[in-house]
Every structure is written in C-alpha cells, then in structure tokens.
Amino acid sequence: MVDRVIRDCNKWKKEIEKLTKEYGLNKWKHSMNGKTTLTWYASKNVPRFEVFYDGSFGSQLLFAVRCKALSVNRRTWRWNEGNTRLCLQCNRGVEETVEHLVLECSKYEHERESLMDVVHEQCGENKWNARCVEEDSGMKYLVGLDEECNMTVVDAMKDFLVYAWNKRQGG
C-alpha cells in the first residue's frame, strides 16, 4: 500500500514538474511577442545557459547585439547629438542598425575581414553566402542563436564587436 502511494506521488510530482515547465516556457515565449528587439531570441526553442557570456566587454556587446539593444543610431536617434538614425561612421546615407554595423559599414571593413575569415573557415564560404540571403542576413549564426552555433565564430564575433566599438568610440 505504501509503495503504491509513493509511486502515485512520484507520478503526480513528474506531471506537475512537466506542466510547470510548459507554463514557464509558454510565458517566456509569450513575453517576447511584439518586442522587435527580441525577434532573434524568439527563434530559440527554450531558454538555456549561454557559455559565451564570460563577463568580458565582448560578451556585453554580444548580449546587446543579440537583443538588438546596441546603442546604434537606429535605436538612440531620439536622444543622440545628431538626432538622426543614419550612420555617421560611413556616411552612406543608410540607417545605422546592428546589422549595418556588423555586415555593411565601411568603417569596420578591416575588422569584418578578420571575422569573415573565421566564418568562412568554420562553415565555408558557400554556406555563409547562403545564410546571407536569409531573413536575418546570417546574424543569428554570428551571435550564436542559430541551430549550428559555433563557439569559434561567436568568439570571433565578440572580438569584432570590441574592435569595432572601440573604433566607433574613437579609441
């Protein structure tokens, strides 16, 4: 009799844990709906510990890029000096977005070449070119939100962000 009660308790405990996990996951996913800064995160199946957050400046920048919260003009135009969304680094007349800073801005061409060397080495130039035509232009791969997350690429991305950000700040 006691064994049966224990089995029943364990069964209910597992069921409650399962339902609690489902509830938490649904709440997590629902909380991202409509938040444009979290569109890349919303593609994740479940939240998980991220090994590339090590407290470094590169990790901080990576986190800001992953949730599209990096202080680029597209995000800060209301309170920046120039009161503009345009990139003032390359003067091409385009909005300064996270994607522009990482993939297009001519000011960071040298830093980007080093990043792309690692990307091509890790996933191949053809596969990278195929990623570039995706909706996110390959950004989820670079920031470790892609199913084929590659630690070497994420580390190179953190290095790129540090060099580019320091250059942007005049350092």
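Could you tell me what fraction of 2.2 N^0.38 Å the Cα radius of gyration of segment 82-121 comes to, as a two-decimal ratio? Working shown, then result.
Working: Rg = 11.5 Å, N = 40, 2.2 N^0.38 = 8.9 Å.
Working it through for segment 82-121, the quotient is 1.29.
For segment 85-94, backbone phi angles converted through the Karplus equation (6.51, -1.76, 1.60; θ = phi - 60°) give residue-by-residue couplings of 8, 6, 6, 9, 7, 10, 6, 8, x, 10 Hz, Gly and Pro being listed as x. Close amide H pairs (under 5 Å, H built 1.01 Å from N) link L86 with E96, residues at least 5 positions away or on another chain. Of all accessible surface on the chain at a 1.4 Å probe, what whole percent is carbon and sulfur? In the chain, the share of accessible area belonging to carbon and sulfur is 52 percent. For the chain, modelled as a GNM whose springs connect Cα atoms under 10 angstrom apart, the maximal fluctuation among A69, A130, A156 occurs at A130.
Run the numbers for T84 and E113: contour at 0.36 nm per residue of separation, minus the present Cα-Cα distance, in nm. Can you show the working numbers first?
Working: separation 29, 0.36 × 29 = 10.44 nm, distance 2.78 nm.
Gain on stretching T84 to E113: 7.7 nm.
Computing Rg and the Kirkwood Rh from the Cα coordinates of segment 43-131 gives a ratio, Rg/Rh, of 1.01.
Rounded to two decimals, what is Rg over Rh for the chain when you use alpha-carbon atoms and the Kirkwood radius? Please list the in-between numbers first.
Working: Rg = 20.8 Å, Rh = 18.3 Å.
That ratio is 1.14, to two decimals.
Build a GNM of the chain with springs between Cα atoms under 10 Å: which of H120, H30, H100 gets the top mean-square fluctuation? Looking only at H120, H30, H100, the biggest GNM fluctuation is shown by H30.
Might you tell me the accessible area per residue for the chain, computed with a 1.4 Å probe and given in Å²? All intermediate terms of the calculation are to be shown ahead of the outcome.
On the way: 10830 Å² over 171 residues.
Ligands and nucleic acids excluded, the result is 63 Å² per residue.
The values are calculated or read from the model by the stated rules, or taken from the named source; none is laboratory data. Because the structure is a prediction, the values reported are computed rather than measured. The area values use the complete protein model at the heavy-atom level, side chains included, leaving out ligands, DNA and RNA. Shrake-Rupley method; radii C 1.70, N 1.55, O 1.52, S 1.80 Å.
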